Amino acid sequence: QPPRSCEDYWWEWKHCRGLRHAFHHYYAHGELPACGRWKEDYEACRAWERDRSPAAKVPHAPPPVMDREKHTPVWRLRRTPPPDWYLPLDQ
């Protein structure tokens, strides 16, 4: 039995292709989402249900979030506070 039902893969593919999700993904990551993997997983799931083919048995898993986000930090992190941190701010 597949780890998820085939309808779950179909729903994920439809959600990924949706305008709202595409807009949000483009805003957050600067590129359109790659939805082809969900379609391949759905087709593999259906092939496994139909033929019990060992080649179609294990669908892909989406990459973990931490592997996708490899952005450098915007600010350099400090190890100690600045030497004049206790002085009042300029008005």
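Some values worked out for this structure:
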read-out: Karplus-derived HN-Hα couplings along the stretch 10-25 (A = 6.51, B = -1.76, C = 1.60, θ = phi - 60°), whole Hz, x at Gly and Pro; value: 5, 5, 4, 5, 5, 5, 5, 7, x, 5, 5, 5, 4, 5, 5, 5
read-out: Cα-projected label distance for D84 with K39, points at 7 Å along beta-carbon direction, nm; value: 6.0
read-out: Packing-based ranking, highest mean first, of 77-87, 6-16, 29-39 given that Cβ atoms within 10 Å are counted; value: 6-16, 29-39, 77-87
read-out: Potential extension, D8-H24 segment - 0.36 nm per residue separation minus Cα distance; value: 3.7 nm
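Each reported figure results from applying straightforward, stated rules to the coordinates on display, with no laboratory input. Bear in mind that the values here come from a model prediction, so they are computed numbers and not experimental data. Using ideal geometry, Cβ is built from the backbone for each residue, glycine included, and neighbour counts are taken over all protein chains shown.
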